[in-house]
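Working notes for the structure below.
None of the figures in this text is laboratory data; all of them are computed from the coordinates on show. What you see is a predicted model, and the numbers here were worked out from it, not measured in a lab. Methodologically, a virtual Cβ is constructed for each residue, glycine included, from the backbone with ideal geometry; neighbour enumeration extends over all protein chains shown.
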Amino acid sequence: MLTDMWGPREALPCLPTDMWTGSHFTTTYRGRLARTDHQYHSTIHLDSRHPASASMDRSNAGLLLRLLLLQFNWCLALGGGGAAEGGGLFPVVVSTWPFREAVRAAWEVVTDGGVAGSAVDAVVAGCSACEVLRCDGTVGPGGSPDENGETTLDALIMNGTTMETGAVAAMRYVKDGIKAAKLVMEHTEHTLLVGEKATAFAISMGLAGPTDLSSPESIEKWSNWRQNHCQPNFWKNVIPAGNCGPYYPINILPFGSKDPVQSAEGETQGPTCQGWLQSDNLLEPTGSHFKSGVNRHNHDTISMAVIDKMGHVAVGTSTNGATFKIPGRVGDGPIPGSSAYGDDEVGACGATGDGDIMMRFVPCYQVVESMRHGMEPQDAAMDAISRISRKYPDFVGAVFAINKKGVHAGACHGWTFQYSVRNSSMQDVEVFTVTP
């Protein structure tokens, strides 16, 4: 991105023209400017009349070559590779959904220019903003109660330069999910801590807690769900059906219990297993029972990718998981390669949707590896989604992809997906809409 008297604008690839004019070596880079009709030129002059020219004669060629390569690399960094829709120059921030304030928070950090301007710190700032704002009720405390009415957090941070990763899952009583994940990355040799031990670790490292992560809204939501006989839920092939638990597999009853269906069948027809197979005895698989109601307000993640001024990549996620999940459930949010993945050499990916299905395919790892092997972001994103939809036609989810040049794209299945972008060619956050 060039910034001068015409303001910031995007430069297309530059072509050098070299010529010797007497003792002058001139290198001119010509580029068509995306937002003006002007041309810009950069010229290197070494004049033989300069007093130091005699001493430079023997090393002139090497010096000029180094200068030429330096300026050519500068030009490539500005405009090389082209840009698809929304593409641009570093830094760049991308996030799932229209979480504009989160992207702005990350942008403020990554454009700071100081030590705090790293991609990792920007991701933490962006996801933290979403946790505070409780984006869509699915990020941070106060949302997505589990079957017991409790809110727990999952989060992940990944450094695309070192591939170091930190994550927490099913973390209770600590509201700063992404900061806890960063502490795991920076102060342990582990990748993932879970449950109450993740809570103890986070508090021991200085995060506030213990804190009740529930809110009046989440408790009300849970109470209404209980009054509706705990429907819908994530159980399948269990009894009792259509009611609250405890639940048991349809062919294993609590010790000393007698199956009422089998007893009734035995009285009239003799021993039979037919009763075990009747549909009234089990909850239907979640694909037809619960997931038809999956949407960004009950089953969502903020997944964010940042490329900083140095071209370093970081990704992160934060979520409070699926609403009314079975306690202990961990979705794709804290799983590297599933909810997010990044590599300086290639680019990054973020995902959102039905994490229980998506984590079986590690779609973001797939996206990044596809780009590594030459796929454009659009093709890589669509390929990852299609791998899932072929096996699970009713699944709901989406990914965004961004390569190391800043070119980005998205793909989705089962819903309309939006993702947010800010780069140096934009005045503010822009939201892109992707349809199935």
Study note, to complete from the structure: Each label sits 7 Å from Cα toward the beta-carbon; between residue 189 and residue 148 the label points are separated, in nm, by 3.2
Exercise for review: Could you calculate the FRET efficiency of residue 212 with residue 433 from 1/(1 + (r/R0)^6), where r is the beta carbon distance between them and R0 is 41 Å, rounded to 0.05?
Suggested key: 0.65
Check your understanding: Taking a ≥ b ≥ c as the square roots of the eigenvalues of the Cα gyration tensor of segment 337-436, is the shape rounded (a/c under 1.5), prolate (a/b larger than b/c) or oblate?
Key -> oblate
Check your understanding: What are the residues whose amide H is under 5 Å from the amide H of residue 424, where those residues sit 5 or more places off or on another chain and H is modelled from the backbone?
Key -> 89
Practice item. Output ³J(HN,Hα) for segment 179-192: one whole-Hz value per residue in order, computed from phi by the Karplus curve 6.51 cos²θ - 1.76 cosθ + 1.60 with θ = phi - 60°, and x for Gly and Pro. Key: 5, 5, 4, 5, 5, 4, 5, 7, 10, 9, 8, 8, 10, 9
Review point. Between residue 418 and residues 5 or more places away or on another chain, which pairs have amide H atoms under 5 Å apart, with H built 1.01 Å from N, and which residues are they?
Key: 97, 434
Study note, to complete from the structure: Scalar couplings 3J(HN,Hα) for segment 145-153 by Karplus 6.51 cos²θ - 1.76 cosθ + 1.60 (θ = phi - 60°), nearest whole Hz, x for Gly and Pro, are x, 8, 4, 8, x, 9, 9, 10, 10
Check your understanding: What residues have an amide H closer than 5 Å to that of residue 237, excluding those fewer than 5 places away on the same chain, when H is modeled at 1.01 Å from N in the peptide plane?
Key -> 283
Check your understanding: When the Karplus curve 6.51 cos²θ - 1.76 cosθ + 1.60 is applied with θ = phi - 60°, which whole-Hz ³J(HN,Hα) does each residue of segment 319-333 get, with x for Gly and Pro?
Key -> 7, 9, x, 7, 5, 6, 5, 5, x, x, 5, 10, x, 7, x
